[in-house]
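> Before I ask anything, here is the structure I am working with.
The values are calculated or read from the model by the stated rules, or taken from the named source; none is laboratory data. What you see is a predicted model; the values in this text were computed from it and never measured. Note: ideal-geometry Cβ built from the backbone for every residue, glycine included; neighbour counts use all protein chains shown. To get the accessible areas, we keep the full protein, side chains included, count just its heavy atoms, and leave off ligands, DNA and RNA. Shrake-Rupley method; radii C 1.70, N 1.55, O 1.52, S 1.80 Å.
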Amino acid sequence: MSAPTLFDSFQLGGMTLPNRIVMAPLTRNRAGAGFVPSPLAPEYYAQRADAGLLITEASQISQQGQGYQDTPGIYTDAQVEGWKAVTDAVHARGGHIVIQLWHVGRVSHTALQPNGGAPVAPSAITAATKTFVNNGFVETSEPRALELAEIPGILEDYRRAAANAIKAGFDGVEIHGANGYLIDQFLKDGSNQRTDDYGGSIENRARFLLEVVDTIVAEIGANRTGLRLSPVSPANGVSDSNPQALFNYVAEQLEKRHLLFVHVVEGATGGPRDVAPDFSFDALRQRFTGPWIVNNGYDLELAQRAIGDGKADLVAFGKPFIANPDLVERLRRNAPLNEPDRDTFYGGGAKGYTDYPTLADAAA
Ligand code: 8OZ
């Protein structure tokens, strides 16, 4: 059998993906009143529906889980209705789509929190990062450490979000366990200094993640539950003293749960792909043998190599998908790509969202 290519199909749970190209989750800050997805979101996602799999922008599971202005939620009926228009539009084009479930933890601001309270985190350590509220970048607010008794409520928020995702017509969910948000804050010892069952040992720091996974799997099934991790990314100010040991353990635990996929950010999120010589993603892949999605700075050549060498089953592209609704076709033809316009990444309307030209548009 010859080596697979990006353009071969792949069986992902109950879905037969026509190719191995994934649209990475991309925050676009265009939600409307009530944090309902933008009325333009169905068109935006449907334009990109020939990707093997679409992963939506991160979507908060509760008001407490929100960290930036105008990001969509998946906790109210109106939000579910808004997302239903998205899944209908994508499915009408034969696409597959999962929603990324998000709790930002300490990466938030009192202006976004219920009753203007402090954001919550494993420990009361302020994130060395900024957020975007009231149309400006600001330092994140000092968080308060979660009480043990609050954790079941957050798990319930994840459960409700997963149930809502299925109501909204999604093919599954991706749990956002990456980039320095709540789950990653629990995992890594730079942000978790708890002395109860959720802090200290690797087993304890991974407990919150695994409880989220188990809660969602119980609600919608393992074959609809994926997870994104960024083991070595410093995104949003997180760090760990021994990421290899931590994520080896996590991968072993995920293996027992037969998840739909694990999606890894290789290197620093949106930055260098370099990984310290003492860290090995291969070691994780040996421990989790299910579908493996890789992301971060891939181009056609790097992606073909990853698929051909069996280093990955699927490759996620982020910024190239912002600027190229027909990215699959462009990669297939090795055609030039439109450059993304950073000024329209976050917030605004159709400009830089639904108006990037396809090859056919450009030829016309
Ligand atoms: C860019 C801006 C705001 C949030 C992530 C959800 O890094 C994000 C994000 C990206 O995972």
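> For Arg28, Arg194, Arg159, what's the largest-to-smallest order of accessible area, 1.4 Å probe?
Putting Arg28, Arg194, Arg159 in descending order of accessible area: Arg159, Arg194, Arg28.
> Helix by helix through the chain, keep the DSSP H runs that span 18 Å or more along the axis on Cα and average at least 0.5 on Kyte-Doolittle, and give those back in order.
Values: long enough: 77-92 (22 Å, -0.21); 151-167 (24 Å, -0.13); 207-220 (20 Å, 1.29); 243-257 (21 Å, -0.71).
For the chain, where a helix must reach 18 Å along its axis and average at least 0.5, the hits are 207-220.
> So for each of 296-307, 101-112, 330-341 I average, over its residues, the number of other beta carbons within 10 Å; can you give me the resulting order with the highest mean first?
101-112, 296-307, 330-341
> Ok, one more. Need the full-extension length gain, Asp274 to Lys167, defined as separation in residues times 0.36 nm minus the C-alpha distance. One decimal, nm.
Answer, rounded to one decimal: 34.5 nm.
> I would also like to ask the following. Could you give the accessible area per residue of the chain, probe 1.4 Å, as a whole number in Å²?
Counting only protein heavy atoms, the per-residue value for the chain is 38 Å².
> Can you tell me what the convex hull of the Cα atoms of the range 162-244 projects to on average, as an area in nm²?
Reported value for the Cα convex hull: 5.7 nm².
> Ok, one more. Cross-link candidates for Lys188: which lysines have Cα within less than 30 Å, leaving aside residues fewer than 8 places away along the same chain?
Lys130, Lys256, Lys311, Lys319
> Okay, next question. Taking the Cβ-Cβ separation of Glu339 and Glu203 as r and a Förster radius of 41 Å, what is the calculated FRET efficiency to the nearest 0.05?
Details: r = 45 Å, r/R0 = 1.11.
With R0 = 41 Å, the Cβ-Cβ based efficiency is 0.35.
> Using a 1.4 Å probe and ignoring any ligands, DNA or RNA, find the accessible area of Ser241 and quote it in Å² to the nearest 10.
Looks like 100 Å² after rounding.
> Then there's this: For a Förster distance of 25 Å, can you work out the FRET efficiency between the beta-carbons of Ala350 and Ala323, rounded to the nearest 0.05?
Given R0 = 25 Å and the Cβ-Cβ separation, E is 0.95.
> What is the sum of charges, Lys and Arg at +1 and Asp and Glu at -1, for the other residues whose Cβ falls under 13 Å from the Cβ of Gly14? Walk me through the intermediate numbers first.
Details: positive: Arg224; negative: Asp171.
Cβ neighbours under 13 Å give a net charge of 0.
> Would you list which aspartates and glutamates come within 13 Å of Lys167, measuring only between C-alpha atoms, while excluding same-chain residues fewer than 8 positions from it?
Filter leaves Asp77, Glu81, Asp88, Glu219.
> Full-extension gain between Gln63 and Leu148, please, as 0.36 nm times their residue separation minus the C-alpha to C-alpha distance.
Gain in length upon complete extension: 28.6 nm.
> Lys and Arg at +1, Asp and Glu at -1: add these up for the other residues within a Cβ distance under 10 Å of Gln100 and post the number.
It works out to a net charge of -1.
> Sketch the reach of a paramagnetic label on Thr358 as a point 7 Å from Cα along Cα-to-Cβ, and name the residues of the range 323-341 whose backbone nitrogen lies under 18 Å away.
323-339
> Leaving ligands, DNA and RNA out of it, rank Val120, Val275 by accessible area with a 1.4 Å probe, largest first. List each step's numbers first, then the result.
On the way: Val120 0, Val275 50 Å².
Order by accessible area, largest first: Val275, Val120.
> Return one quarter of the surface area of the convex hull spanned by the alpha-carbon atoms of the chain, equal to its mean projected area, in nm². Working shown, then result.
Values: hull surface 67.9 nm².
Spelled out: convex hull of the Cα atoms, projected over all directions, averaged, 17.0 nm².
> Under 12 Å from the Cβ of Leu209, count the other residues' Cβ atoms, weight Lys and Arg +1, Asp and Glu -1, and hand me the total.
+1
> Turning to a different aspect of this structure: If ligands, DNA and RNA are left out, what is the accessible area of Val98 with a 1.4 Å probe, given in Å² to the nearest 10?
It works out to around 0 Å².
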